[in-house]
Amino acid sequence: MSQATLETLETLELSVEGMHCGGCSGRLQKALNAKEGVLSSTASHETKRVSVAYDSALLNEARIREHITDAGFTVIS
């Protein structure tokens, strides 16, 4: 996990399809948290939302979307 400065700390919220239970959201959260540049993430199958706090010096929105897709989920917005 990186140490983002206030200048590089970003938060992204996305709608995601494919989370059907707590296990699914836990799997997505674990996959994201393992990525370099991700400081923390939360995922909810109930709201179909994921929130990612990340270091923008190491990661960008497009790459986060790719990580979600690679984990087997579909980004809606």
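Some observations on this one:
Rundown of residues vs (1) farther than 14 Å from residue 74 by Cα; (2) basic (Lys, Arg); (3) in contact with a helix residue (DSSP H, G or I) (Cβ under 7 Å, 6 or more places away or on another chain), yes/no style:
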| position | (1), (2), (3) |
| --- | --- |
| 16 | no, no, yes |
| 30 | yes, yes, no |
| 36 | yes, no, no |
| 39 | yes, no, no |
| 42 | yes, no, yes |
| 45 | no, no, yes |
| 52 | yes, no, yes |
| 56 | yes, no, no |
| 60 | yes, no, no |
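- If you go through the stretch 49-74 and keep only what is under 16 Å from residue 27 (Cβ atoms) and assigned to a loop (DSSP other than H, G, I, E, B), you end up with 71, 72, 73.
- Among residues of the stretch 25-42, those that are of a type in the set (Gly, Ala, Ser), over 10 Å from the mean Cα position of the chain (by Cα) and surrounded by 14 or more Cβ atoms within 10 Å (Cβ to Cβ), counted: 2
- Filter pass, residue 11 being in contact with a strand residue (DSSP E or B) (Cβ under 6 Å, 6 or more places away or on another chain), outside any helix (DSSP H, G or I) and surrounded by 14 or more Cβ atoms within 10 Å (Cβ to Cβ): no
- Subset of the stretch 14-24 [touching a residue at least 12 places away in the same chain (Cβ under 8 Å) and either loosely packed, with under 14 Cβ neighbours inside 10 Å or in contact with a His (Cβ under 6 Å, 6 or more places away or on another chain) (or both)]: 15, 17, 19, 20, 21, 22, 24
- Test: residue in the stretch 26-48 that is assigned to a strand (DSSP E or B), of a type in the set (Lys, Arg) and touching an Asp or Glu at 6+ places or on another chain (Cβ under 7 Å): no
- Checking each residue of the stretch 43-56 against the condition of being touching a strand residue (DSSP E or B) at 6+ places or on another chain (Cβ under 6 Å), without any contact (Cβ under 8 Å) to a residue 24 or more places away in the chain and either surrounded by fewer than 14 Cβ atoms within 10 Å (Cβ to Cβ) or not small (Gly, Ala, Ser) (or both) gives no match.
Since every read-out is calculated from the coordinates, none of them should be taken as a lab result. Given the structure is predicted, the values throughout are model-derived calculations rather than measurements. Don't worry about glycine lacking a Cβ; one is built from the backbone with ideal geometry, like all the others, and counts go over all protein chains shown.
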